[in-house]
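What follows is one structure encoded as structure tokens, with my remarks underneath.
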Amino acid sequence: MASSQAVRTGRADGSPSRTPAPTGTRHRPARRSSDPDAPTIQLRTTVAAPAAVKPPPARAQAPAKTPAKPRTRRSQTTTVAVLVPAHNEEEGIAATVEGLLSQDVPEWLEISGIVVVANNCTDRTAEIARRYPVTVLEMPDNPDKKAGALNHGWRVAAQDAELVLTMDADTVLLDDTVAAMAAELRGNVVLGAVCARYWATPGKGLAWRMQRLEYARYDDLRDLRGWRVSVASGAAAMYRSAALAAVAKARAAGEPWDGSSLIEDYALTLELKALGWRVAAARNAHVYTTPPDTFRALWTQRLRWGRGGMDECLKRGWSTATRKDIFAYGLFGFSVFFRLLFVTMLALMIIYAVPFRYALIGLIPLAVMWLERMTSMWRLPGRSFTDVALVAIVLVEDVYGFFLEWCAVVAAWRCLNARRQAW
């Protein structure tokens, strides 16, 4: 493994090349040119010194009491180390790094370093990353894949920071994402980790549209749950260093991330919950992530997610950390059963020519589902006529739902039969 520090210059005047978004609006950071000679920006790792705070006026003291001794004011600066594991991400690593470099850093926050871990790369990911003022670590032979890359970056460059941000190399942060996530952790000492609210990057094709709608609905669900989540999504998650150290101490390997897990972010979330930490979504932190662009790639991803989640629950059994997720798997089984029952009922109505007045009763669940989907879609940022049409006709989304459910059923079958599932 080789480690290198890449330093480069930005514009001639040293200023960042971005335009601040209007207050109260959300804009996706523009993807910058992949041209290696395109102008870029400088990392602002230094922060303004905290403003001087005037001591409060002394309270009137009774003559018999001795005035209290003045306390020493502790530093209010919070440090964040960023880890970006990247496997053959030459197309998106530039946008990911530039999104990090363009963060608005308030006076109480300091980005102590950005580390890109080139994980089993066979392309130009490391070469492109070195053009920026970040640390690049190369792991040409990493058997533990993403978990191994995260553990290596954590050991080398992140243990001294108070907070650790991990993110996928195909994810782009909004300008205030790091500050919003750090603020959530500073404001709640029982939180061990927070994840960002993720949205699909602009794309095209039916697979992209379906996932875009799915992400928006999942965001609504997080809101209804009071921003509680079952997993600190690996797209962008920030951890308290004390929580990571506690997990590393509890694990035999002495590292936070489990290299044997298919979904290391979920395994770490369960470890945090088992140790008494809470995990939530940072309501003001937004990121854009690139979803699979084909249904074949989506099948592979969801099969790994489904199998990995079930494996982790079976490994740990019924516990305070897993009971809600196991219960959710049970509800999923009932959902699949009733969906099949509903389809069978509609088919029988058509075959046996059930009178229309009775058929309407069977359509009530369909009407409720349609209304819920339309309401959720209406809150989708940047919705188009195509999005409205896809949801309104119901059939396309229903087929997509069958696709995801069948993928989960296959994952459950492989899990129960101990069939090996790889990346």
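Residue by residue, here is whether (1) part of a helix (DSSP H, G or I); (2) over 15 Å from the mean Cα position of the chain (by Cα); (3) within 17 Å of residue 109 (Cβ to Cβ) holds:
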position: 165; (1), (2), (3): no, no, yes
position: 182; (1), (2), (3): yes, no, yes
position: 209; (1), (2), (3): yes, yes, no
position: 215; (1), (2), (3): yes, no, no
position: 232; (1), (2), (3): no, no, no
position: 239; (1), (2), (3): no, no, yes
position: 242; (1), (2), (3): yes, yes, no
position: 249; (1), (2), (3): yes, yes, no
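Scoring residue 320 on the criteria (1) outside any helix (DSSP H, G or I); (2) modelled with pLDDT of 95 or more leaves a single failure, condition (2).
If you go through region 376-405 and keep only what is within 19 Å of residue 223 (Cβ to Cβ) and hydroxyl-bearing (Ser, Thr, Tyr), you end up with just 376.
Please go through region 271-302 and give me each residue that is out of contact with any Leu (no Cβ under 9 Å at 6 or more places or on another chain), farther than 22 Å from residue 155 by Cβ and part of a helix (DSSP H, G or I), ordered by number. Talk me through it step by step, then tell me what you get.
Of all residues in region 271-302, those out of contact with any Leu (no Cβ under 9 Å at 6 or more places or on another chain) come to 271, 273-276, 281, 283-284, 289-290, 293-294, 296-297, 299-301.
Imposing the further condition that a residue be farther than 22 Å from residue 155 by Cβ reduces the set to 273-274, 276, 281, 283-284, 289-290, 293-294, 296-297, 299-301.
Listed by number, the residues that qualify are 273, 274, 296, 297, 299, 300, 301.
If you scan region 195-205, which residues turn out to be touching a residue at least 24 places away in the same chain (Cβ under 8 Å) and either of a type in the set (A, V, I, L, M) or not in a strand (DSSP E or B) (or both)?
Here is the first cut: in region 195-205, the residues touching a residue at least 24 places away in the same chain (Cβ under 8 Å) are 195-203, 205.
196, 200, 201, 202, 203, 205, listed by residue number.
Counting only helices (runs of 4 or more DSSP H) that sit wholly inside region 325-404, those with at least 1 residues that are modelled with pLDDT under 85 are 356-362, 364-378. Checking each residue in region 223-241 for being in contact with a strand residue (DSSP E or B) (Cβ under 6 Å, 6 or more places away or on another chain) and under 19 Å from residue 291 (Cα atoms) picks out 232, 233, 235, 236, 237.
State yes or no: is residue 285 in contact with a Phe, Trp or Tyr (Cβ under 7 Å, 6 or more places away or on another chain) and either modelled with pLDDT of 95 or more or more than 18 Å from residue 185 (Cα to Cα) (or both)? Talk me through it step by step, then tell me what you get.
Working: in contact with a Phe, Trp or Tyr (Cβ under 7 Å, 6 or more places away or on another chain): no; either modelled with pLDDT of 95 or more or more than 18 Å from residue 185 (Cα to Cα) (or both): yes.
Taking the combined requirement at face value, the residue does not satisfy it.
The values are calculated or read from the model by the stated rules, or taken from the named source; none is laboratory data. Here the structure is a predicted model, which means the values were calculated and not measured. Cβ atoms come from the backbone with ideal geometry, glycine included; neighbour counts cover every protein chain shown.
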